[in-house]
Amino acid sequence: MKDLLPFEIKKISKTLYFVMMLLALIVFVSFFFIYSYVHTERVDDYIHKNEIIKSSHQLSIDELSNTEEDRAAYHLEEMEEIDMLSEAARNHDWETIIHYEITTSEEIVKGIPSQAEENVYTWPTHFTNEVVIERNKWLLAHNIQPVFPIHNASEITAYDRVFNTALDEEIAYEFFNKYDSSSIYFLYLLVGNGLTIGGAIFFLFLFGSMITREGLGRNGPIHFLGTMPLKRWKIIWSKLITLVLLTIFVLLATILWGALLGIVFDRFGDWDYPVLIYEPDFSFRFIEMGNFILLSLLLFFGLLIFCYSWLFLYSVLLKQTFMTIVLTVITVGLGYLISDSDIAMAQALAPFNPFHYFHVIEIITMEYAFNADNYNFTMWNGMISLFIFSLIIILVAFFLFRRKAK
Amino acid sequence: MIVQVDNLKKKYKKDWILQGVQFEIDHPQIVALVGPNGSGKTTLFNCMTNLLSFNSGTIKLLEKDYTDTSLFYDIAYLQDNRILYENLTAYDHLKFVCSVMKLPNSKIIEVAERVGMQRYLKKRVQKFSLGMKQHLLLAMAIINSPKLLLMDEPINGLDPTSAINMRKILLELHEEGTTIIISSHNLDEIDRLTNTIYFMKDGRILEESLKDYNTKKYFLTVNQIDQAKAILEENAYPVKVNKEEQIEFDDNHTSLQEVISLLNQHDILVEDTEIIRIGAEKRYLELFEGTNTE
């Protein structure tokens with residue numbers, strides 16, 4: 001095996017196709033970083049936004065008559081607070097800003113009925129406000145630099161199903177879609193956009209030919225290995241192990257590249273930045289963003305193994321490399337679409353259908369479980385079902401291969 | 001016993017590719033496997049090396065069961081060049097073989113020199129000509145000095161110089177004790193290598209020896225090839241000049257002594273004379289073309 005692994009790795013890493021695909025991945029990550037960098041709300045942007053709000057207050061004061069002193073005083077008070085926030089931002093005094101936002105949100109949330117009491121799902125819901133408050137408290141407790149904006153309208157949760165107006169919805173999403181070019185937050189964004197079914201298909205094309213071109217029952221280079229003093233199972237397993245190792249390498253290299261961009265052009269960021277996790281009965285908790293990234297990668301890795309097992313099976317049944325990859329993509333795509341239907345999600349055994357777990361981020365945040373009203377959609381159930389199904393498919397592939405060989 | 005193949009049968013879909021192949025090789029020798037396309041030569045090699053399963057029969061190589069992968073420490077199979085990895089260099093291929101065979105890397109240079117491929121050792125296979133690929137396949141096959149060498153069409157794509165070099169290497173290996181089973185359509189080359197030929201037709205071995213076929217072919221290397229050809233043609237000798245720039249003729253209508261003395265009379269020096277039997281071609285025509293015309 002120690003002879004085979006370096007040879008297998010060399011074989012694939014020396015192909016132009018592999019190099020080009022890796023370059024494409026690096027370019028994608030780099031461009032996404034540039035996009036995130038440009039859209040990051042920095043201290044200057046924060047102060048600038050405050051200035052705009054302040055000038056609108058000033059305009060309101062200018063338009064007030066002398067009899068409306070109370071309202072003028074309110075605007076003046078608001079302007080003073082804005083000045084205070086801008087000054088705090090200038091001094092990187094996040095504590096002051098977060099304190100302010102917590103106090104404001106706590107005032108607001110008092111006027112919003114909770115979902116448990118009334119079925120109100122208009123953005124920002126009581127739940128969403130609670131999330132904002134707790135998130136900001138977490139930021140304070142962990143001494144974390146916030147990713148702006150952090151006010152009560154800066155969050156959309158699964159409970160926010162209604163928007164009063166189209167403009168409300170537009171504003172909500174503008175505040176909600178936050179970007180930050182620090183390593184950790186950028187990786188969080190990257191994971192959210194990359195660890196999807198699209199990402200899995202990318203990996204199928206990246207490594208597909210490795211299994212299919214030289215796979216089970218093929219002529220060509222596999223015959224070279226077949227006439228070496230090597231056990232057949234070692235040849236097959238070395239391919240699978242190489243596939244796993246190279247997948248880990250590509251995932252880690254991508255993460256490292258993203259992290260490096262963040263460190264060089266911004267900062268490493270905060271490992272313990274809070275990520276919302278849904279829990280039953282209108283409750284929630286947070287996990288550290290770093291851990292969230294690791295768990296997402298782990299689940300995605302499980303999904304890739306599941307995809308590779310299909311590839312393995314089809315490589316036994318079909319002769320053409322391209323058709324094998326296409327059929328795998330179709331299988332994965334169809335499984336994903338069918339599993340996405342309300343009927344499929346409602347089934348009692350649905351959490352053990354591996355195709356559900358292509359919604360990596362929603363699975364980790366438990367938003368998928370919340371939407372399906374089935375809290376058995378957990379990452380670990382996903383890992384178990386992916387492992388079992390992958391194993392079954394690989395065993396079927398071996399069985400068919402042995403039957404074919406006879 | 002070096003090779004023992006007994007009643008080997010292989011069916012592919014509805015056709016029997018091998019229909020009871022049977023032969024034994026008990027001492028080191030060169031054996032040629034000759035037959036038209038589709039006669040089952042490659043299938044036989046693939047069955048012998050366990051690349052292909054078969055329906056019935058037994059195969060023993062070097063007194064071991066053919067499925068024993070440790071056999072490949074002593075057996076080499078020179079296959080079709082599609083087994084090569086286009087993105088890797090010749091060196092990568094040979095290094096891998098060395099690491100699997102537990103050979104020192106110094107063997108790579110040694111075998112490259114022997115085959116004559118030092119110049120392109122570090123080149124990627126995708127830039128190789130057909131002949132260069134054959135060189136690499138040969139190098140991979142002989143790097144471990146195998147006891148049994150199976151060669152499927154090794155002369156394909158080789159230029160005359162390379163073909164001569166390959167012949168030289170094979171004869172050397174034979175002298176060193178390697179048993180070689182070679183399939184080829186180049187009957188001249190076969191005749192130069194051996195007189196033990198297995199003719200294959202419709203999945204069976206028809207004949208195992210050519211001892212009764214004594215027609216000879218002569219190859220003369222002369223110092224003035226064009227002049228020599230002109231003189232012989234003037235004197236109505238049916239000769240031709242082959243790719244290796246040799247005067248070539250057979251003993252059916254022409255005597256070797258007559259030709260040499262005629263050339264000497266015209267001050268043409270005969271530098272080298274090579275004599276081979278042309279049994280393979282003659283017998284092949286009888287067996288295959290004759291059958292077809294019936």
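Could you compute Rg(Cα) / (2.2 N^0.38 Å) for region A:109-178, with N its residue count? Write out the running numbers ahead of the final one.
Details: Rg = 12.5 Å, N = 70, 2.2 N^0.38 = 11.1 Å.
Against the empirical 2.2 N^0.38 Å value, I get 1.13 for region A:109-178.
Mind jotting down a quarter of the surface of the convex hull over the alpha carbons of region B:216-277, in square nanometres, one decimal? Numbers along the way, then the final one.
Working: hull surface 14.5 nm².
Directional mean of the projected Cα hull area for region B:216-277 stands at 3.6 nm².
Report the net charge of residues surrounding A:Met366, where surrounding means a beta-carbon distance below 10 angstrom and charges are Lys +1, Arg +1, Asp -1, Glu -1. If you can, show how the numbers build up before the last one.
Working: positive: A:Arg285; negative: A:Glu279, A:Glu362, A:Glu367.
Net charge in that neighbourhood comes out at -2.
Output wanted: per-residue J couplings in Hz (rounded whole) for region A:244-258, from phi through Karplus 6.51 cos²θ - 1.76 cosθ + 1.60, θ = phi - 60°, x for Gly and Pro.
For region A:244-258, the Karplus curve yields 5, 5, 5, 5, 4, 4, 5, 4, 5, 4, 5, 5, 5, 5, x Hz.
Among A:Ile394, A:Ile201, A:Ile338, which one moves the most in a GNM of chain A with springs linking Cα atoms closer than 10 Å?
Of A:Ile394, A:Ile201, A:Ile338, the most mobile in the Gaussian network model is A:Ile338.
What is the average number of partner chain Cβ atoms found within 10 Å of a Cβ in A:224-237? Display every interim value, and only then the final one.
Details: counts 11, 3, 10, 17, 10, 12, 4, 2, 3, 0, 1, 1, 0, 0.
If you average over the peptide's residues, the count of other-chain Cβ atoms is 5.
Given the Cα-Cα distance of A:Ser13 and A:Val396 and 0.36 nm per residue of separation, how much length would full extension add, in nm? All intermediate terms of the calculation are to be shown ahead of the outcome.
Values: separation 383, 0.36 × 383 = 137.88 nm, distance 2.91 nm.
Going from the current span to full extension adds 135.0 nm.
Can you compute the helix-only [θ] at 222 nm over chain A? Use -39500 (n - 2.57) per DSSP H run of at least 4 residues, normalise by all residues, nearest 500 deg cm²/dmol.
Details: 17 runs with 280 residues, N = 406.
Helices in chain A give a 222 nm mean residue ellipticity of -23000 deg cm²/dmol.
Roughly how many whole Å is it from the C-alpha centroid of region A:21-64 to that of region B:68-147?
Rounded to whole Å, the Cα centres lie 60 Å apart.
Using DSSP, restrict attention to beta bridges with both residues in the protein assembly as shown and report what percent are antiparallel, rounded to the nearest 5. Please report the intermediate quantities before stating the final value.
On the way: 38 of 55 bridges.
For the protein assembly as shown, the DSSP antiparallel bridge percentage is about 70.
Using the C-alpha atoms of region A:53-98, what convex hull volume per residue, in cubic angstrom, is computed? The partial results should precede the final answer.
Numbers: hull volume 2.6 nm³, N = 46.
Residue-normalised Cα hull volume stands at 57 Å³.
Choose one answer from B:His185, B:His27, B:His174: the residue with the largest mean-square fluctuation in a GNM of chain B with alpha-carbon springs under 10 Å.
Judging by the Gaussian network model, the answer is B:His27.
Counting only helical runs of four or more DSSP H residues, what would the 222 nm mean residue ellipticity of chain B come to if each run contributes -39,500 (n - 2.57) and the total is spread over all its residues? Let's see the in-between values first.
Values: 10 runs with 96 residues, N = 294.
Using -39500 (n - 2.57) per qualifying helix, the result is -9500 deg cm²/dmol.
In whole percent, what relative contact order does region A:44-92 give with Cα contacts below 8 Å and a gap of six or more residues? Let's see the in-between values first.
Values: 27 pairs, mean separation 23.9, N = 49.
The value is 49 percent.
Can you list, bin by bin at 10 Å, the percent of alpha carbon pairs in the protein assembly as shown, starting at 0?
3, 11, 17, 16, 13, 10, 9, 7, 6, 4, 3, 1, 0, 0
Can you tell me the convex hull volume per residue for region B:3-207, based on C-alpha atoms, in Å³ to the nearest whole number?
Details: hull volume 24.0 nm³, N = 205.
Convex hull volume per residue, Cα atoms: 117 Å³.
Modelling each spin label as a point 7 Å along the Cα-to-Cβ direction, I'd like the A:Arg71/B:Gln22 distance in nm, to one decimal.
11.4 nm
Of the cross-linked pairs B:Lys95/B:Lys123; B:Lys10/B:Lys201; A:Lys231/B:Lys64; A:Lys234/B:Lys10; B:Lys102/B:Lys123, which ones have a Cα-Cα span greater than 21 Å in the structure shown? Kindly include the intermediate steps, with their values, before the conclusion.
Values: B:Lys95/B:Lys123 14 Å; B:Lys10/B:Lys201 14 Å; A:Lys231/B:Lys64 16 Å; A:Lys234/B:Lys10 27 Å; B:Lys102/B:Lys123 24 Å.
In this structure, A:Lys234/B:Lys10; B:Lys102/B:Lys123 exceed 21 Å between Cα atoms.
Compute the separation of the alpha-carbon centres of region A:70-85 and region A:125-155 and state it in Å as a whole number.
Centre-to-centre (Cα) distance: 23 Å.
For region B:82-111, which trypsin sites (Lys or Arg not before Pro) pass both filters: DSSP loop (anything but H, G, I, E, B) and at most 12 other C-beta atoms within 10 Å?
Values: sites: B:Arg82, B:Lys95, B:Lys102, B:Lys107; in loops: B:Lys102.
Sites meeting the loop and neighbour criteria: B:Lys102.
Can you list which of the trypsin sites (Lys or Arg not before Pro) found in region B:115-177 are DSSP loop residues with at most 11 other C-beta atoms within 10 Å? Intermediate values should be presented prior to the final figure.
Details: sites: B:Arg119, B:Lys122, B:Lys123, B:Arg124, B:Lys127, B:Lys133, B:Lys147, B:Arg167, B:Lys168; in loops: B:Arg119, B:Lys122, B:Lys123, B:Lys147.
Answer in residue order: B:Arg119, B:Lys122.
Loop by DSSP (not H, G, I, E, B), at most 14 other beta-carbon atoms within 10 Å: where is the longest site-free stretch of chain A for GluC sites (Glu not before Pro)?
On the way: sites that count: A:Glu68, A:Glu117, A:Glu118.
Of all site-free stretches, the longest is A:119-406.
Coordinate-derived values only; no laboratory data. All values derive from a computational prediction rather than experimental measurement. Note: ideal-geometry Cβ built from the backbone for every residue, glycine included; neighbour counts use all protein chains shown.
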